[in-house]
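Reviewing the structure listed below.
The values are calculated or read from the model by the stated rules, or taken from the named source; none is laboratory data. Quantities reported herein were computed from a predicted structural model and do not represent experimental measurements. With ideal geometry, Cβ positions are generated from the backbone for all residues, glycine too; neighbour counts draw on all protein chains shown. Note: accessible area is taken over every heavy atom of the protein model, side chains too, but ligands, DNA and RNA are not part of it. Shrake-Rupley method; radii C 1.70, N 1.55, O 1.52, S 1.80 Å.
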Amino acid sequence: LTGAITYDPGYKNSGACKSAITFLDGEEGILRYRGYSIEDLAENSNFLEVSYLIIFGELPTQEELEKFENDIRKYSLVNEEMKNIIDGFPKTAHPMGVLASLTSALTAFNPKVVDADCKKDLYEAVCKTMSKFLVIATWTYRKAKGYPLNYYDNTKSYVDNFLRLMFALPTSPYEIDPVVKNAIDKLFILHADHEQNCSTSTVRMVGSSHAGLFASISAGVSALWGPLHGGANQAVLEMLEAIQNDGGDVDKYLAKAKDKDDSFRLMGFGHRVYKNFDPRARIIKKAADEVLGKLGVDDPVLEIAKKLEEAALKDPYFVERHLYPNVDFYSGIIYRALGIPTEMFTVMFAIGRLPGWIAQWKEMRINKEPIGRPRQLYIGEELRSFVPMKDRK
Ligand code: SDX
């Protein structure tokens, strides 16, 4: 299998794992979920169907999809006492920090853990996580805005629920804009899984000790928060706004990114695996033009982003280092056009990545992967004798 990880006897300690969920080819810019190309899925599928595919391995029949949607609804009510926890946070708390805490807290109200053989309660844990995580993720926004916390509506679809949970207010009816819904569906699909990235590896590592699914995903949320990972989508918008406020001088910021004495990096550029282009960035860039056009949004930072990309792709520093726009470069521009505040961008990434985290955790447990235990290259002191305090200098 091209791209399959070669296994030496030491694979148990190497941190490498076997996975059948997502295939990446960094040179060719290929991304497939369970063998289906991201382009095909982004064009023809929807987020819940792709979630089913990623988690269970096959595209669902209509009956299977309806059953999954209904089983998710069975567990959509979040314990009311969870509100005591979110009320303990200041409104200024970053939503990702609140989400990591709330996700871990779900264990307190849903203590049943998946049995060691993953026979009995795995499906229930999957469905429970899909709905409860979505609800608490939107609560982080509602809390910051001072809005009442909404409940999942079991008569509505998964993505419709996301929009209502986020934006519906008791003071007036909430109508779902199909342009917004389609954009959200596509963005969630594009974020749904990505092989062994930092946050997914964290979920697998924590889960490998047989810690519960909520605890493992909470750790993944924390890893995703970092600006070098999922936090980049927020950092990209902050960077583009800084360039806009600085007269739109992209060359000045390219020079800063190349200056080794300057810690500034071009956020949304570069990737550990993709070395020619990130296929998701291509789809999102095209969607940005479409969505902003349909919504009649004229956001100057989109033009700045395109100008920055064009200048960087001509610059030897970026070309030699294979630095191209990644999934985070254009996504925030669409989120902003959809009315989502910058500090919620990484929570959007987490909602999209949830099925991938669940699927990877499930695969690791079903395959009875050994507890994660990478080794190290020791570069410290050789053996030496204890020095009494009186002789220390
Ligand atoms: C995600 O792994 C995944 O799949 C992640 C993800 C997913 O779906 O889960 O795809 C999501 O995290 C995308 C990446 C989002 N992060 C950013 O956009 C932050 C900015 N990018 C970088 O910090 C960086 O490119 C990384 C972290 C993404 C990748 O880092 P690498 O591969 O470890 O690259 P590196 O740090 O070793 O840098 C190699 C060279 C260095 O220069 P030299 O020392 O060779 O002179 O490239 C330079 C770096 O200074 N470089 C950059 C740069 N990224 C790397 N220079 C300027 N701007 C940048 N963005």
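Can you name every residue in segment 129-156 that is of a type in the set (K, R) and either within 14 Å of F89 (Cβ to Cβ) or assigned to a loop (DSSP other than H, G, I, E, B) (or both)? It would help to see each step written out before you state the result.
Of all residues in segment 129-156, those of a type in the set (K, R) come to 132, 142-143, 145, 156.
Within segment 129-156, R142, K143, K145, K156 qualify.
Please list, ordered by first then second residue, the pairs with beta carbon atoms under 9 Å, 6 or more apart or interchain, first in segment 57-75 and closer than 22 Å to K112 by Cα, second surrounded by fewer than 14 Cβ atoms within 10 Å (Cβ to Cβ).
Hits for this filter: R73/T155.
For residues that are within 15 Å of the ligand (Cβ to nearest atom) and surrounded by 12 or more Cβ atoms within 10 Å (Cβ to Cβ), tally how many sit in segment 296-326.
Residues in segment 296-326 being within 15 Å of the ligand (Cβ to nearest atom) and surrounded by 12 or more Cβ atoms within 10 Å (Cβ to Cβ): 16 in total.
Out of contact with any Pro (no Cβ under 7 Å at 6 or more places or on another chain) and modelled with pLDDT under 95: which single residue out of K275, K258, K252 fits that description?
Matching residue, one of K275, K258, K252: K275.
Does any residue in segment 356-372 that is touching a residue at least 40 places away in the same chain (Cβ under 8 Å) and of a type outside the set (K, R) come within less than 8 Å, Cβ to Cβ, of a residue that is open to solvent by 30 Å² or more (accessible area, probe 1.4 Å) and part of a helix (DSSP H, G or I) six or more places away or on a different chain, and which pairs are these?
Matching pairs, first to second residue: P370/K12; G372/M205.
Please enumerate the residues belonging to segment 178-202 that are away from the ligand (no atom under 14 Å from the Cβ), in contact (Cβ under 8 Å) with a residue 60 or more places away in the chain and within 20 Å of E39 (Cβ to Cβ).
A183, I184, D185, K186
Have a look at Y158, Y123, Y151 and point out the one that is open to solvent by 60 Å² or more (accessible area, probe 1.4 Å) and closer than 30 Å to L24 by Cβ.
Y123
Kindly provide the set of residues from segment 254-271 that are farther than 15 Å from P316 by Cα, surrounded by 15 or more Cβ atoms within 10 Å (Cβ to Cβ) and in contact with a helix residue (DSSP H, G or I) (Cβ under 8 Å, 6 or more places away or on another chain), ordered by number.
R265, M267, G268
Quickly run through segment 279-295 and pick out the residues that are open to solvent by 60 Å² or more (accessible area, probe 1.4 Å) and either under 18 Å from the mean Cα position of the chain (by Cα) or within 16 Å of the ligand (Cβ to nearest atom) (or both).
Answer for segment 279-295, where residues must be open to solvent by 60 Å² or more (accessible area, probe 1.4 Å) and either under 18 Å from the mean Cα position of the chain (by Cα) or within 16 Å of the ligand (Cβ to nearest atom) (or both): R282, K285.
Being under 25 Å from I184 (Cβ atoms) and touching a residue at least 40 places away in the same chain (Cβ under 8 Å) is the filter here; which residues of segment 102-124 pass it?
Hits for segment 102-124 are T103, L106.
Is one or more of the residues making up segment 346-359 charged (D, E, K, R), under 26 Å from I176 (Cα atoms) and open to solvent by 50 Å² or more (accessible area, probe 1.4 Å)?
No, segment 346-359 has no match at all.
Here are some residues: L77, L48, L59. Which one is open to solvent by less than 30 Å² (accessible area, probe 1.4 Å), at pLDDT 95 or above and either out of contact with any helix residue (DSSP H, G or I) (no Cβ under 8 Å at 6 or more places or on another chain) or aliphatic (A, V, I, L, M) (or both)?
None of the others qualify; the one that does is L48.
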